[in-house]
Structure formats: structure tokens, C-alpha cells
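Please read the structure below before turning to the comments.
The values are calculated or read from the model by the stated rules, or taken from the named source; none is laboratory data. Remember, it's a predicted structure, so these values are computed and weren't measured experimentally. With ideal geometry, Cβ positions are generated from the backbone for all residues, glycine too; neighbour counts draw on all protein chains shown. All accessible areas refer to the heavy atoms of the entire protein, side chains included, with ligands and DNA or RNA removed. Shrake-Rupley method; radii C 1.70, N 1.55, O 1.52, S 1.80 Å.
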Amino acid sequence: MHLGKVIGTVVSTQKDEKLEGFRFYLVQRIDSDNRPLEETIVAVDSVGSGIGEVVLYATGSSARQTDVTENKPIDAVIIAIVDTWETDGTVRYTKA
């Protein structure tokens, strides 16, 4: 799993029929200090997240392990909306 921030949407009017009904987001990976990293991916939303939210996402074969994405041609899926995290006793992020 990776931490990321939803920074945008991807719209596709023509796609594989197994992807119909999915919402696609651009997710920028962040580090444990809430700093953006260069990696940006397209992920299917399985939890109702939105732009600006910090999320957990899974990639590769793990992305096809949710009830929503099972046996679908998906390489990245948002699996949780992050409320808070801390490292070394310091709160690094708290959902506004």
C-alpha cells in the first residue's frame, strides 16, 4: 500500500466494458512527512474519495483483490481514505 493525495480526475468515454461505472482519479504519491513525490498514477476509486483527500492505494495484482475490482483490468485502486497518521509521536496529517 502507498499513501497518496487525489489531485485530479480522468474521464474516458470509451473504455473496456469491465471498467464501466468506475471513477478514475489522478493520485500523487506522498511520503510519511506528507511531502509530494514525483510518482503520479491513475487509480480506480473503490471507497468514495474525492479531490484533495489523502488516501491509501494498492497497485499491481493487489489492486484486483477488492470486491469492486476483482477480475477487472485494474492496476491501481484507492482502498481507504486517511483520517490521520503519526510517526515518532508527531502527527503528520489530520483530515481537515
Computed for the chain: size of charge dipole around the Cα centre, +1 on C-beta of each Lys and Arg, -1 on C-beta of each Asp and Glu, debye to nearest 20, value 160
Per the rule of 0.36 nm per residue minus the C-alpha distance, extending Ser32 to Thr90 adds in nm 19.8 nm
Surrounding charge for Val82, neighbours by C-beta under 9 angstrom, Lys/Arg +1, Asp/Glu -1, total -1
Here the net charge surrounding Lys72, from other residues whose Cβ is less than 12 Å away from its Cβ (Lys, Arg +1; Asp, Glu -1), is -3
Within region 17-96, DSSP-loop GluC sites (Glu not before Pro) with at most 12 other C-beta atoms within 10 Å are Glu20, Glu70
With all protein chains present, the chain has a carbon and sulfur share of its accessible area (1.4 Å probe) in percent of 45
So Glu20 and Gln65, fully extended at 0.36 nm per residue minus their Cα-Cα distance, gain in nm 14.4 nm
With the 1.4 Å probe rolled over protein heavy atoms, the chain has an accessible area per residue in Å² of 61
Note on the chain: contact order normalised by length, alpha-carbon pairs under 8 Å, 6 or more apart, percent, works out to 27
Within the under-12-Å Cβ sphere about Gly52, not counting Gly52, Lys/Arg +1 and Asp/Glu -1 give a net charge of +1
Rounded to one decimal in nm, the spacing of the 7 Å Cα→Cβ label points at Ile81 and Ser12 is 2.4
